[in-house]
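Accompanying notes for the structure given below.
Values quoted throughout were computed directly from the atomic coordinates according to the rules given, and no laboratory measurement underlies them. As the structure is a prediction and not an experimental result, all values here were calculated from the model. Positions of Cβ are generated from backbone atoms using ideal geometry, with glycine treated the same way; all protein chains shown enter the neighbour counts.
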Ligand SMILES: Cc1cc2nc3c(=O)[nH]c(=O)nc-3n(C[C@H](O)[C@H](O)[C@H](O)COP(=O)(O)OP(=O)(O)OC[C@H]3O[C@@H](n4cnc5c(N)ncnc54)[C@H](O)[C@@H]3O)c2cc1C
């Protein structure tokens with residue numbers, strides 16, 4: 001069974017739960033974007049994903065990419081699907097009209113990428129970095145570079161890469177050694193990059209590499225990195241000396257070539273200011289992190305769809321209270337696994353779509369204070385989405401595999417591919433450990449938790465303390481605020497502590513936000529009157545997911561107690 005977009009669910013969250021059309025229409029560029037237009041775009045996107053991309057899922061995994069003397073060939077059908085994708089205008093959905101884009105809101109792009117990732121993670125890696133590259137070049141590129149490359153990237157006619165990692169420089173990009181020396185109107189870039197997604201392929205006629213490298217007089221460490229644009233083919237049509245040395249054999253994601261790239265005095269041009277490369281690259285990395293969070297949601301949806309359909313067909317034993325053999329879907333153990341994933345997917349959508357709306361508010365809102373609060377949301381929620389939902393895609397995907405019993409472990413049903421493919425999302429775009437440190441050490445502790453507290457305060461305003469589920473959310477928010485304050489105080493005495501508990505802190509924030517997201521779903525779709533599509537996941541959230549919040553609290557308090565008994 002191929003993935004099928006479930007547009008009713010998505011539509012419900014966008015309109016009834018988040019009131020997205022009204023929020024977007026308040027922003028000048030989207031005054032004309034109403035609910036009908038949004039629905040139309042989603043329906044067309046859903047058709048494209050289901051008919052062109054989902055059917056290539058299995059062949060991408062089984063045939064994989066081929067490497068032959070520097071030439072990389074994508075699995076059969078991938079190039080045609082990519083050509084149809086960019087010619088259909090899909091990559092440019094949320095790019096500005098002056099750059100050849102369609103000028104639509106980021107949330108429509110978010111929905112598209114969630115569906116694409118669910119349908120075919122390997123194929124989706126190819127366009128996955130395009131929007132980040134577009135934003136990076138738009139904000140930091142010179143007029144000349146933009147004239148040459150921005151339109152091609154916006155439309156997706158040429159694909160882009162993000163060349164950061166080197167054999168000795170993974171999470172710590174300060175160790176990057178690739179060099180760039182000035183020559184003529186540009187630079188000569190030399191060095192080796194590894195793990196470069198889409199470093200070489202036959203999907204497009206040119207590939208635009210964005211490369212972190214070091215100028216001759218650059219200081220050591222991350223503050224000595226500059227960003228360069230180096231295309232596979234130069235403007236005069238000649239081949240730039242950028243060589244794919246090999247592609248990796250991987251656990252999953254076989255449809256995406258993960259390349260070792262050698263830059264042999266390749267011609268490149270500076271993007272942004274010298275030694276401010278990480279700053280420029282962060283624009284791209286942030287967009288990419290948000291996309292990886294959406295990958296998590298999409299992959300979990302794909303796994304859930306397969307497991308849920310299987311559970312409605314397979315009969316084993318008698319479920320408690322039933323007579324005769326039962327569908328396995330009737331067994332509480334299976335219901336619990338399925339409903340738990342559903343709760344993560346639905347709540348994740350609320351947070352991810354809201355993040356996409358906040359991205360547009362941060363850019364276009366007339367009020368500076370509102371733009372600031374939107375930026376705060378994106379900065380704090382993006383690492384949470386990336387980390388918690390990619391974790392759930394793999395671990396929850398594995399639970400979905402469990403629903404199939406032994407049939408999940410064999411290839412026939414395709415669930416094992418999803419689990420293998422999903423694993424990498426916990427690693428790339430900054431490992432989940434790095435996301436947790438980013439949240440706690442870089443974003444929460446420096447201001448004593450003030451920004452996080454302000455974000456939670458905003459969410460608190462719509463909550464009713466008289467309703468038990470909402471009162472519980474308020475309690476969790478209060479506990480998160482207290483923890484942030486306590487950790488900030490403890491940090492002054494014992495800086496190491498935050499690194500021990502960063503993951504627990506991120507999980508606590510994720511669970512607090514997930515609980516809040518579900519109050520929004522429940523407000524728009526009552527779950528406790530007649531049973532609806534939302535009732536079982538709402539119960540799973542309360543019974544099987546949210547108790548983890550107290551466990552995380554306990555772990556952090558235990559560590560605080562060890563460091564300084566008075567702090568806990
Ligand atoms: C399929 C695939 C595609 C990729 N695509 C790209 C791409 O397109 N472009 C690109 O540039 N890179 C890409 N990467 C590389 C990816 O971003 C890195 O693998 C990742 O950043 C981690 O670096 P590393 O593998 O060197 O691990 P390391 O940095 O060596 O980390 C090893 C372990 O140590 C932990 N760790 C490291 N430092 C810290 C710290 N300070 N605190 C706590 N824990 C820490 C990590 O979390 C991890 O668990 C890709 C990787 C894969 C597998």
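Using only Cα coordinates, the Kirkwood hydrodynamic radius of region 431-568 works out to 15.8 Å. The helix-only estimate of mean residue ellipticity at 222 nm for the chain, built from DSSP H runs of length n ≥ 4 each weighted as -39500 (n - 2.57), is -16500 deg cm²/dmol after division by the residue total. Taking the chain as the reference, fit the longest principal axis to its C-alpha atoms, fit the long axis of helix 450-460 to the helix C-alpha atoms, and give the angle between the two in degrees, 0 to 90, nearest 10. The angle comes out at about 50 degrees. Computed over the chain, the P(r) tail beyond 38 angstrom holds 29 percent of alpha carbon pairs. A straight line joining the Cα centroids of region 294-316 and region 450-475 runs 32 Å.
Averaged over residues, the count of other Cβ atoms within 10 Å places the peptides 292-298, 473-479, 495-501 in the sequence 292-298, 473-479, 495-501, highest first. For region 159-277, the alpha carbon positions stretch 39, 36, 20 Å along the principal axes, listed from largest to smallest. Spacing of the modelled spin labels on residue 279 and residue 83, each 7 Å from Cα toward Cβ, amounts to 4.3 nm. Remark: the residue 144-residue 471 segment gains 112.2 nm on full extension, using 0.36 nm per residue and subtracting the alpha carbon distance.
When peptides 44-50, 339-345 are ranked by their average number of other Cβ atoms within 10 Å per residue, the highest-first order is 339-345, 44-50. Compute the separation of the alpha-carbon centres of region 395-422 and region 225-274 and state it in Å as a whole number. Here the answer is 34 Å between Cα centres. Whole angstrom only: what separates the Cα centroid of region 349-393 from the Cα centroid of region 194-211? Here the answer is 28 Å between Cα centres. Each eigenvalue of the Cα gyration tensor of region 77-137, multiplied by 5 and square-rooted, gives one semi-axis; in descending order these are 19, 13, 11 Å.
For the pair residue 238 and residue 44 in one chain, pulling the backbone fully straight at 0.36 nm per residue adds 66.0 nm over the alpha carbon distance.
Packing order of peptides 269-279, 544-554, 361-371, highest average first: 269-279, 544-554, 361-371 (average count of other Cβ atoms within 10 Å over each peptide's residues). By the beta-carbon count within 10 Å of each Cβ, the least crowded to most crowded order of 168, 291, 407, fewest first, is 168, 407, 291. Taking a point 7 angstrom from the Cα of residue 561 along the C-beta vector, which residues in region 500-534 have backbone N less than 17 Å away? Correct set: 501.
Evaluated at q = 0.18, 0.19, 0.22 Å⁻¹, a Debye calculation over the C-alpha positions of region 7-150 (equal weights, vacuum) places log10 I(q)/I(0) at -1.11, -1.19, -1.36. Stretched out straight at 0.36 nm per residue, the stretch from residue 409 to residue 482 would grow longer than its current Cα-Cα span by 21.9 nm. Axis of helix 106-119 versus longest Cα principal axis of the chain: the two differ by about 80°, to the nearest ten degrees.
Annotation: average projected area of region 384-481 is 8.4 square nanometres, based on the convex hull of Cα atoms across all directions.
For the chain, the longest principal axis of the Cα atoms and the long axis of helix 332-364 meet at an angle of about 50 degrees. Under the simplified labelling scheme, the residue 26-residue 206 pair shows an inter-label distance of 4.2 nm, with each label point 7 Å from Cα along Cα→Cβ.
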